[in-house]
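Take a look at the structure below.
The values are calculated or read from the model by the stated rules, or taken from the named source; none is laboratory data. Remember, it's a predicted structure, so these values are computed and weren't measured experimentally. Quick reminder, even Gly has a Cβ in these numbers, built from the backbone with ideal geometry, and neighbours come from all protein chains shown.
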Amino acid sequence: MIVGAAAAALQGAPIVTQDIDLWFRDIHDPGIGKALAKVGGAFVPSIGLHPPAFAGEAVRLFDIVLTMHGLGAFDEEKKHSLIVDLGRLSVRILALERIIKSKETVGRPKDELTIPVLRDALAAIEKKKALETRRGGQTARLRGKDSAKTASRRRASRHK
Amino acid sequence: MRIDIVKIRELARKKGWTLNALLAESGVSKTAFYHLLRKDSVLPASLRAIAGALSVRPGDFLTEEHPDVENIRRIQTLTDRIVAGKPGLDRENVRLTLLLLEEEPIQRLRRSLTRGRNIDFHED
């Protein structure tokens with residue numbers, strides 16, 4: 001699952017990022033090794049204070065996330081995720097409100113700068129969705145009214 | 001220049017809309033629409049006067065608005081509406097979010113990474 005700033009950007013937040021954070025349910029999943037082999041990448045296990053990482057040109061943008069501070073376990077947070085279509089593939093990403101919650105918990109200086117932007121973006125996205133839903137409902141109601149009128153006119157003309 | 005109701009109905013039908021659905025979709029009231037429909041000319045008298053003085057048709061000096069301009073105006077209007085409902089929001093953040101929502105997710109990510117790393121990000 002894509003998390004962090006990249007996931008926020010995918011949802012429309014106007015922020016910049018240097019990498020794409022990937023959160024795995026199980027970092028030892030053999031599928032990861034297979035995927036890395038396909039693109040000529042390699043897995044670098046954790047050593048000392050250094051977390052596990054990916055090596056190789058094709059995966060240089062990706063970082064491994066082991067835990068999302070302030071959030072639940074992977075399976076719990078999966079419930080708050082969404083699938084985004086990226087053209088040739090679809091990916092799972094963490095919902096913006098959960099990204100904000102995690103950044104609020106971590107509270108690093110760079111997070112403090114980003115949080116207000118993420119909050120504004122979330123408010124804009126939710127409001128836009130609400131307006132679109134409301135407008136869609138109005139159009140559907142009018143369509144219903146129109147088709148009822150047309151049906152009534154047809155019935156009337158049949159009786160003539 | 002008058003409104004051609006037949007043409008409008010036909011264009012709406014192509015979109016799967018009735019006239020009423022079109023008016024609802026475009027946010028135009030029935031009163032405003034039928035008021036315009038009754039007019040001999042929807043153009044202001046001043047424009048017709050200028051055309052008359054030049055001995056040309058108003059269409060000779062009117063140009064279509066660039067589609068991007070219309071899009072930006074729509075986003076500005078939506079930004080105003082959202083910020084009016086929540087005054088604490090930063091107008092620029094809202095406007096940029098709405099602009100990004102016009103793009104595909106992969107374009108949003110590419111934009112974010114390009115600015116963050118100053119590199120190009122390829123889909124493949």
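Data for the structure
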{"quantity": "Test result for A:Glu57, among the charged types (D, E, K, R) and more than 14 Å from chain B (Cβ to nearest Cβ)", "calculated": "no"}
{"quantity": "Only one of B:Gly52, B:Gly27, B:Gly59 that is touching a residue at least 40 places away in the same chain (Cβ under 8 Å) and more than 30 Å from A:Ala5 (Cβ to Cβ)", "calculated": "B:Gly59"}
{"quantity": "Residue check for A:Ala8: surrounded by 13 or more Cβ atoms within 10 Å (Cβ to Cβ), at pLDDT 95 or above and in a helix (DSSP H, G or I)", "calculated": "yes"}
{"quantity": "Verdict on B:Leu96 being more than 7 Å from chain A (Cβ to nearest Cβ) and out of contact with any Leu (no Cβ under 9 Å at 6 or more places or on another chain)", "calculated": "no"}
{"quantity": "Output for the stretch B:4-25, where each listed residue is surrounded by fewer than 11 Cβ atoms within 10 Å (Cβ to Cβ) and of a type in the set (Gly, Ala, Ser)", "calculated": "B:Gly16"}
{"quantity": "Residue check, A:Gly12 more than 10 Å from chain B (Cβ to nearest Cβ) and within 26 Å of B:Leu89 (Cβ to Cβ)", "calculated": "no"}
{"quantity": "Residue list for the stretch B:86-108, restricted to those being surrounded by fewer than 12 Cβ atoms within 10 Å (Cβ to Cβ) and at pLDDT 90 or above", "calculated": "B:Gly88"}
{"quantity": "Filter pass, B:Asp68 being of a type in the set (Asp, Glu) and outside any helix (DSSP H, G or I)", "calculated": "no"}
{"quantity": "Segments classed as helices (runs of 4 or more DSSP H), wholly inside the stretch B:1-47, with at least 2 members that are touching an Asp or Glu at 6+ places or on another chain (Cβ under 9 Å) and aliphatic (A, V, I, L, M)", "calculated": "B:19-26"}
{"quantity": "Among the candidates A:Ile32, A:Ile15, residue that is assigned to a loop (DSSP other than H, G, I, E, B), closer than 25 Å to A:Arg98 by Cα and not hydroxyl-bearing (Ser, Thr, Tyr)", "calculated": "A:Ile15"}
{"quantity": "Leading residue by the ranking (farthest from A:Leu96 (Cα to Cα)) among those in the stretch A:113-125 that are under 18 Å from the mean Cα position of the chain (by Cα), hydrophobic (A, V, I, L, M, F, W, C) and more than 8 Å from chain B (Cβ to nearest Cβ)", "calculated": "A:Ile115"}
{"quantity": "Failed criterion for A:Lys110 (all others in (1) assigned to a helix (DSSP H, G or I); (2) surrounded by 15 or more Cβ atoms within 10 Å (Cβ to Cβ); (3) within 14 Å of chain B (Cβ to nearest Cβ) hold)", "calculated": "(2)"}
